[in-house]
Amino acid sequence: QVQVVESGGGLVQDGGSLRLSCVASGNLVSIQTMGWYRQAPGKQRELVATITRGGSTHYVDSVKGRFTISTNNAKNTVYLQMNRLNPEDTAVYYCNVDTTWNNYWGKGTLVTVFS
């Protein structure tokens, strides 16, 4: 049984910061990539950032320079440092764990940015 649990969401003012965390536990074998996705009200889920086991990162253009993804591979944990948040970043943020054979999602954590 694999569990993926996000934390760190909340209410933040325009221009503020939040740090999301995601811990993956259970029968995990060969994690290849961990990442963050988000889904805003009325919109499709979109990729925010990913990081490979080797440390290669990818960001959607709208968050480049503001968000930073990082991992603690030994703890199967991925973080998303979000700076200079704006109301357009309001969404449920989901953690994704991609292994050689399976793909897992967390239940999400809500980030609300108010102006």
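Computed from the coordinates by the stated procedures, all read-outs in this text should not be read as laboratory data. If you're wondering where the values come from, they're calculated on a predicted model, not measured in any experiment. Cβ sites come from the backbone with ideal geometry, for glycine too, and all protein chains shown count toward neighbours.
In the neighborhood of ALA40, defined by Cβ-to-Cβ distances under 11 Å, what is the net charge if each Lys or Arg adds +1 and each Asp or Glu adds -1? Every neighbour counted, the sum reads 0. By the Kirkwood approach, averaging reciprocal distances over each pair of separate Cα atoms, segment 34-76 gets a hydrodynamic radius of 11.3 Å. Derived from the Cα gyration tensor, the three semi-axes of the equivalent ellipsoid of segment 17-115 are 23, 14, 12 Å, largest first. Here r is the Cβ-Cβ distance between THR52 and THR112 and R0 is 30 Å; the resulting FRET efficiency, rounded to 0.05, is 0.50. Between SER25 and LYS75, residue separation times 0.36 nm minus the direct Cα-Cα distance comes to 17.1 nm. Residues whose amide H lies under 5 Å from that of PHE67, counting only those 5 or more places away or on a different chain, are ASN83; hydrogens are built 1.01 Å from N in the peptide plane.
To the nearest 20 Debye, how big is the dipole of the chain about its Cα centre, given +1 on the beta carbon of each Lys and Arg and -1 on that of each Asp and Glu?
Rounded to the nearest 20 debye, it is 140 debye.
Inter-part distance, segment 12-27 to segment 56-89, computed on C-alpha centroids, equals 9 Å.
Straightening the chain between ARG66 and GLN44 buys 5.8 nm, computed as 0.36 nm per residue apart minus the Cα-Cα spacing. Only one residue of VAL113, VAL2, THR50 has its Cα farthest out toward the positive end of the dipole of the chain, where Lys and Arg carry +1 and Asp and Glu -1 on Cβ, and that residue is VAL2.
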